[in-house]
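Since the structure comes first, as structure tokens, the remarks are kept for the end.
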Amino acid sequence: MQPDSATPPTPPAAVLWDMDGTLVDTEPHWIAAETALLGRHGASWTHEQALSLVGNALPESGRVLAAHLEAETGVRLDPAAVVAELVEAVVAQVSAAVVWRPGAVELLEALAGAGVPCALVTMSYRSLAETVARVLPGAFAVVVAGDEVERGKPAPDPYLRAAELLGVDPARCVVLEDSPTGIASGEAAGCRVVACPHMVPIPPAPGRSRVASLAEVDLVVLARVAAGEVVDTVGATPTEPTEP
């Protein structure tokens, strides 16, 4: 028997959302907080250096920032104290106003309407994750935060934990991510991953789905990805222009 072409595709068992840069536009807040903290102690911090931390587990970012500060100024700070100050600053910014990434809220609403469970999987700490999740009550069945996993992204632990809490097979989940670190985590967990680049470009790779915006993603696209299809609307990575 031939399959009925009118039959809607099977949705993923769950959709696992990264937060910073994918669901909400918090990356500028993190960069501003890093720059302010280091500047207060007399250290410089470039935009390119800040981009190198996008998607990192916070303890690792704290270590990088503390080492940079000591190397530039001789000032020693506890990496944990660095992270605590950054989290406090970003929580304050997000509490004042949440800036959603294009298409994110609409996609969450569509998933809720279809009965597809969602998890928020972030390297930000619980205090920030809950601040965001409370704005959309009921959108996320579970929240996995960076201070609750032994190994953060790019290790598979955060996404494996989310699938475990939801009671679903990671291989039947679709991950939405914006950073190379997060993409590596989702892929290592055995999930299908849709990359939506934001602050950092995501190069094409075999089996990797990419979209320019979550506004391009709907239930059909997620079902296609869950079934193993590669969806790439970003196209070839542009090259640097050359002088005439």
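The values are calculated or read from the model by the stated rules, or taken from the named source; none is laboratory data. Remember, it's a predicted structure, so these values are computed and weren't measured experimentally. FYI the Cβ positions are ideal-geometry reconstructions off the backbone, even for glycines, and counts take in every protein chain you see. Quick note on the areas: whole protein, heavy atoms, side chains included, nothing else; ligands and nucleic acids left out. Shrake-Rupley method; radii C 1.70, N 1.55, O 1.52, S 1.80 Å.
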Original post:
Given H placed 1.01 Å from N in the peptide plane, which residues other than close sequence neighbours of V193 have an amide H under 5 Å from its amide H?
Top reply: V175, S209
Subject >> GluC sites (Glu not before Pro) lying in DSSP loop within the stretch 109-179, provided at most 13 other Cβ fall within 10 Å >> reply: E150
Original post:
Hey, quick one: spin label on E72, modelled 7 Å out along Cα-Cβ, who in the stretch 15-42 has an amide N within reach, i.e. under 19 Å?
Top reply: 28-42
**OP:** Determine the shape class of the stretch 128-225: with a ≥ b ≥ c the square roots of the Cα gyration tensor eigenvalues, call it rounded for a/c under 1.5, and otherwise prolate if a/b is greater than b/c, oblate otherwise.
**Re:** rounded
Subject >> Magnitude of the charge dipole, the chain, Cβ model with Lys/Arg +1 and Asp/Glu -1, debye to 20 >> reply: 320 debye
**OP:** Just subtract the alpha-carbon distance of H41 and V200 from 0.36 nm times their residue separation and send over the number in nm, one decimal.
**Re:** 54.5 nm
**OP:** List every residue whose amide H lies under 5 Å from the amide H of V121, counting only residues 5 or more places away in sequence or on a different chain, with H placed 1.01 Å from N in the peptide plane.
**Re:** W17, D18, M19, V144
Original post:
What percent do you get for the relative contact order of the stretch 101-169 when only Cα pairs under 8 Å and 6+ apart count?
Top reply: 30 percent
Original post:
Taking only protein heavy atoms and a 1.4 Å probe, what accessible area per residue, in Å², does the chain have with all protein chains in place?
Top reply: 47 Å²
Original post:
Does the stretch 177-232 come out rounded, prolate or oblate, given a ≥ b ≥ c as the square roots of the eigenvalues of its C-alpha gyration tensor, rounded meaning a/c under 1.5 and, failing that, prolate meaning a/b above b/c?
Top reply: oblate
Subject >> Acute angle (nearest 10 degrees) that the helix 27-40 long axis makes with the longest principal axis of the chain, alpha-carbon atoms >> reply: 10 degrees
Original post:
Modelled label-to-label distance, R134 and A84, 7 Å Cα→beta-carbon offset: nm?
Top reply: 2.1 nm
